[in-house]
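> Handing you a structure now.
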Amino acid sequence: MLAEHLPILHVLIPLVGAIVLLTGGVLRPLREVAWGLTMLVVLASAVSAFQLIPRVLSEGRISYALGNWKPPYGIEYAVDSLSLLLILLITSLTVIITLYTRHSIQRDITPNQQPYFYSAYLLFVGGLLGMVTTADIFNLYVFLEIASLSGYALIAIGRRREALLASYNYLMIGTIASTLFLLGIGYLYMITGTLNMQDLQARLEELYGSRTLLVGMAFITLGLSVKMALFPLHTWLPNAYTYAPDAITALMASLTTKVGVYTAFRVFFGVLKPSFLSQVVPLEEIFMLLGALAILGGSLMAIFQNNLKRMLAYSSVAQIGYIVLGLAMLNVSGMMGGLIHIVNHAVVKAGLFLAVGNIIYRTGLEEVDDLNQIAQQMPKTMLAFTVCALALIGVPLTAGFVTKWYLVLGSIEAGRWFLVPVIVVGALLAAVYLWRIIERAYFWSRKGGALTPPAPLSASREGGELGSPSPFTERGQGGEVNPDPPSPTLLPNSEQESQSPPAPKTSEVPLSMLIPTLVMAVLSLALGIFAVLPLNLAERIAKSLLGAE
Amino acid sequence: MNPVINASEPIWAVGSAFLTALLIALTGRWQNLRDLWSPLGALAQFGIVASLVPAVLSGETRTFTLTTPMPGVALYFKVDELGLFFALMASFLWFIASLYSVGYMRALKEHAQTRFFAFYAISLGSAVGIAFAGNLFTLFVFYEMLTLATYPLVVHKQDAEARAKARVYMTYLLGTSIGFQFTAILVIYGISGELNFTKGGFLQGQAPDWLLLSAFLLYIAGIGKSAIMPFHKWLPSAMVAPAPVSALLHAVAVVKAGVFTVLRVVVYVFGVDCLVSLQVAQILPYVAGTTIVVASLIALFQDDLKLRLAYSTISQLSYVVLGAGLLSPLGAMGATLHMVFHGFAKITLFFTAGHIYCATKKTKISQMRGIGKQMPFTMIGFTIGALGMIGLPPASSLWSKWYIGLGALETQHYFALGVLVVSTILNALYFLPIVYSAFFEGGGGVEALTLPSPPSPNTVGEGESQLLPSPDAAGEGSVNLTPPAPLSASREGGEALYSPSPFTERGQGGEVNPETPSPTLPLSAGGESQLLPSSEASGEGQGVRATEKPPTSEVIEFSTPYLTLMTLAICATALGVLVLFVYPHPFLELARRVAGL
């Protein structure tokens, strides 16, 4: 009996869980088990989501009529391969990040507030899952608002006061965007009288010249661009990501914008047809240009950030550019690159944010400049960070490489040669802003150590950062005269111990935080080495979206 | 048709090195056990590679697909003549270098030795991976892995200079490989849908000429490891690494991986016929020839031994590119041979440089007068290596240069021929003076007679600077900002007179200056046989005394077990150069097959 409701279970479970937590929050016993309950809920949601895999792969699109009202009259839920990709991504990442919240969130809220926090958390997840499952465009808007509103609340929880401002800022921009989206839906409804997306697609094709459609699509495109933080409209994102609680940043960075991108895919290829982008309005070119600008602009901004989370936030802006590029190329390879990057970036960026969360949790350090020798203190965290960083740069056999491979192939096939250097330069810029952290974490001497004078060092450090071999060498600190540069801890080493000053013992975060971080690192590699599976799904999606069976 | 056999040897050849790295990391606590793994791993790797020789000579091809990360894009290995050539050299020299590096690291009491040896092993695994890569993707995977694995080795010293240079290193190597090579691979894949290496290439006629030519040029520019100008700057920067790294990686594994990739692309991707029709012979030899001559000219002006060797490497690497770029079978054969023969000679030279540094802390050529009396075996090894650079008997490089020259004659490429002649003269100019002054200059009375006056400013300058790295300076970095000035002033004034290079150090400009402040300089004032002077040991008085005392001619290269080990390693590689001169036949045979003769 349950099996026939499968396409909606994974959405309902978190929503019901949210209500239970909210209403039961007054009860003391529930406060103690809020995390456990949340974990159960997201696990259940994931289990039901994974049962969709064989059905979707064998049957294709599974449709579910809510309340038995037949589509297109009732609200339809449908899981096709594109939805499946997102559903799997959201449910599995949520499970991993929920594990992470257990200890991580304790620094931001009191135990009394936990049920309410997890209630908002589950609403957020349920909203995202609803967006990617529904086949009704107005219903999609409803879930968009559920996810957004709970998202504003989650950001506001951040322990710094700036979090409130960031949340307010996001609330304002986000609401305008949602409203624009809703307006656009209104226009579409006006000319077609339907809200079911399949139905819309069938009816809209003959109306492509209609001015109403153009205006409606303009509103929708603008609203979605804000929601997915497409380059010039990304301004809400850096602050929101910087000040939100660490676990929430990881969750949002990997999922919110992705679901925005999903909606774009859905609207442009599920409500409209690819020909609209290429023939009616030059959206194809506009998106390519914006995507390219996002890659370059976001990466450049990231280079100049000193706050870790803000740097990664700008990097997210850049990475959205890759996905949009893939969308705009309108060929199978490019779209596969974009689709696979939805997954790859979610995993890799979550891993990076979790690793940064670990560092902040253990040391309170948020600035790049403070990270000297952090690898000695937190070797496992930094190992995960390094792997994820390499994956973001796109070193072969990591997730990022697969993305870039298909995007470059796509731009060559589309004859858009100018995109090739953009994609490649984006990777190099990523190397610039991530490598400086790896270099510091492993190869800089600790600050303020007994043997490392801070004042002259900082002078030479600045010289070094410009890339010029500075004339002031740190001889006082060097490895030759003074046989004790704090030994890097990539690997244990014994010959140092007699000479070096007592190095700080490794102090890693609790396992509930470390395991999710390491899982993300492993996934970043796995998605590069065993990319065939997700790529097959992506190819299926790309072919069905482009109508090129 | 030659049989193709699916066999896992290539995986084991690569895997043995990675396994070695793992064992090193796990047993880092027990030094002796840990240092056993590198030679054992190298032997295992060499054994596996060598066991493939008969099969390849009999015309078999061994292939293996490890996994398929993306549809149609596999991690695919294939053993052929060219790959075997490179793998044989890399794994054999790894064995010698692993012994040498144990001696070097222990003699200098270097820090982070576990990390060093582990990444050393990973680098060698990557190099052999490049050798046995069966398609462009696999080659790129190991190419990038090699770049990343050598980074911790280059930055090993972990001071500001090392970090800045390691950054240059990464910028050039990653910049070119991601920027150009990656794009070129995808252009090739986009054109042909094919990635697997095929003898004679697979691109002929697949696309318009302009597209093929730009793909080829992109690819060549993307191989930063071959150090073709203007992408050569990383190699001198990499000299900040410890000598064993410079020796095996930046004279053999990394740079040879670069020229190996060039050969692969020329012979197995584009194919000679295709490149002839693209008129590449009108481009590539000129670029390579310019690199050869310009790098040699720069080398003339280097006083730092390792830097001079580095520029010499840049120049010698372009011989391989030149040979390949001639697009004649004989040229390709010479290029293939030079890849190996230069490797043996250059590793000997770098071993020597590291050995001299270990034993005496000397890094400058101008300090090495009379060093041949203290370290005769080492300097004989150096001499053989130097002959290898010049290409004179009894060094094996004679053969490779011979075939490159024949290739130039065959294609009537007189520019290439001229480059060969000029660079031979230049090579002689910057290597023979070192040999001459090591054996016939300096030492006790001779120096005192010829140069009565200079020692006094020297004494003052160096005596002063010697105060600085003493233990108290360790605490206050600020004091250290001063020494380079008086020191280098006195050095330029005093030593330029009897510098073995006819050019003063002033010409070096920015090249060497970053090196000068290296803390080793003041310690090396005396050239006493005092081993491993630590910072505490060289007190003020002792230092001043040391400069007054003329260098002793006592033989010091066997004075400790570690130094003996290093001397033996030098002798082994030097012997290798000689053996390859006398008996190059197996290599000639393999190279002939690569070139399709």
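> What does the charge count near residue A:348 come to, summing +1 for each Lys or Arg and -1 for each Asp or Glu among other residues with Cβ under 15 Å from its Cβ? Could you put the intermediate results ahead of the total?
On the way: positive: A:258, A:349, A:404; negative: none.
Charge balance near residue A:348 sits at +3.
> Take every residue in peptide A:407-414, count the Cβ atoms of other chains within 10 Å of its Cβ, and give the average of those counts.
That average works out to 3.
> Taking each residue in B:175-186, count the Cβ atoms of any other chain within 10 Å of its Cβ, then average. What number comes out? Before the final figure, lay out each step's value.
Numbers: counts 5, 0, 2, 13, 5, 1, 0, 10, 7, 0, 2, 12.
What the average comes to for B:175-186 is 5.
> For B:148-161, what's the mean count of beta carbons from other chains sitting within 10 Å of each residue's beta carbon?
For peptide B:148-161, the averaged partner shielding equals 6.
> Would you list, by chain and number, the lysines whose Cα falls below 22 Å from the Cα of residue A:380, excluding same-chain residues fewer than 8 positions away?
A:309, A:349, A:447, A:505
> Under the 0.36 nm per residue contour assumption, what length would be gained going from the current alpha-carbon distance of residue A:279 and residue A:417 to full extension?
That works out to 47.6 nm of additional length.
> Further, regarding this structure: Considering only DSSP beta bridges whose two residues both sit in the range B:1-278, what percent are antiparallel, to the nearest 5?
75
> How much length would be gained if the chain were fully extended between residue B:564 and residue B:597, taking 0.36 nm per residue of separation minus their Cα-Cα distance, in nm to one decimal? Let's see the in-between values first.
Details: separation 33, 0.36 × 33 = 11.88 nm, distance 4.35 nm.
Full extension of this stretch gives 7.5 nm more.
> How big is the Cα convex hull of the range B:363-447 in projection, averaged over all directions, in nm²? Could you put the intermediate results ahead of the total?
Working: hull surface 24.5 nm².
Computing the convex hull of the Cα atoms and averaging its projections yields 6.1 nm².
> For the range A:266-275, just list the computed ³J(HN,Hα) in residue order, Karplus coefficients 6.51, -1.76 and 1.60, θ = phi - 60°, integers in Hz, with x standing in for Gly and Pro.
4, 5, 6, 10, x, 9, 9, 10, x, 5
> Just flag the trypsin sites (Lys or Arg not before Pro) in the range B:93-172 sitting in loop per DSSP whose Cβ has no more than 10 other Cβ atoms within 10 Å.
Working: sites: B:106, B:109, B:115, B:157, B:163, B:165, B:167; in loops: B:109, B:157.
Within the range B:93-172, no trypsin sites (Lys or Arg not before Pro) qualify (loop, at most 10 other Cβ atoms within 10 Å).
> Once you place label points 7 Å from the Cα toward the Cβ at residue A:508 and residue A:22, how far apart are they in nm?
3.9
> Within the range A:1-27, list the residues whose amide N lies under 20 Å from a label point set 7 Å along Cα→Cβ of residue A:59.
It comes to A:1-13, nothing else.
> Under the rule of at least 5 residues apart or a separate chain, name every residue whose amide H is placed under 5 Å from the amide H of residue B:77.
B:64, B:65, B:66, B:134
> Which of the lysines could be linked to residue B:199 by a straight reach, that is with a Cα gap under 16 Å, when you skip same-chain ones fewer than 8 residues away?
Excluding near neighbours in sequence, the set is B:78.
> Taking the Cα-to-Cβ direction at residue B:109 and at residue A:33 and moving 7 Å from each Cα, how far apart do the two end points lie in nm?
Label at residue B:109, label at residue A:33, 6.2 nm between them.
> Then there is this: Beyond 20 Å between alpha-carbons counts as too far, so tell me which of B:225/B:361; B:165/B:233; B:306/B:346 fall in that bin. Before the final figure, lay out the partial values.
Details: B:225/B:361 29 Å; B:165/B:233 10 Å; B:306/B:346 11 Å.
Pairs exceeding 20 Å: B:225/B:361.
> For chain A, which span is the longest to avoid every loop-located (per DSSP) member of chymotrypsin sites (Phe, Trp or Tyr not before Pro) having at most 13 other Cβ atoms inside 10 Å?
A:74-303
> Any idea which of B:255, B:33, B:198 is furthest toward the positive side of the dipole for the range B:1-278, if Lys and Arg beta-carbons carry +1 and Asp and Glu beta-carbons -1?
Ranked along the dipole, the leading option is B:33.
> Can you find, among B:229, B:149, B:24, the residue sitting farthest towards the positive end of the charge dipole of the range B:1-278, where Lys and Arg contribute +1 and Asp and Glu -1 at Cβ?
Going by the Cα projections, it comes out as B:24.
> Scanning chain A for trypsin sites (Lys or Arg not before Pro) in DSSP loops with at most 16 other Cβ atoms within 10 Å, what's the longest stretch left with none?
Longest stretch, sites excluded: A:162-446.
> So, one more: Just to be sure I understand the model, the point goes 7 Å from the Cα along the line to the Cβ. What's the resulting residue A:176 to residue A:536 distance in nm?
About 4.6 nm, to one decimal.
The numbers here are math on the coordinates, done by the rules we state, and not lab data. Please read all numbers here as calculations on a predicted model, not as lab measurements. Virtual Cβ from ideal backbone geometry, glycine too; neighbours counted across all protein chains shown.
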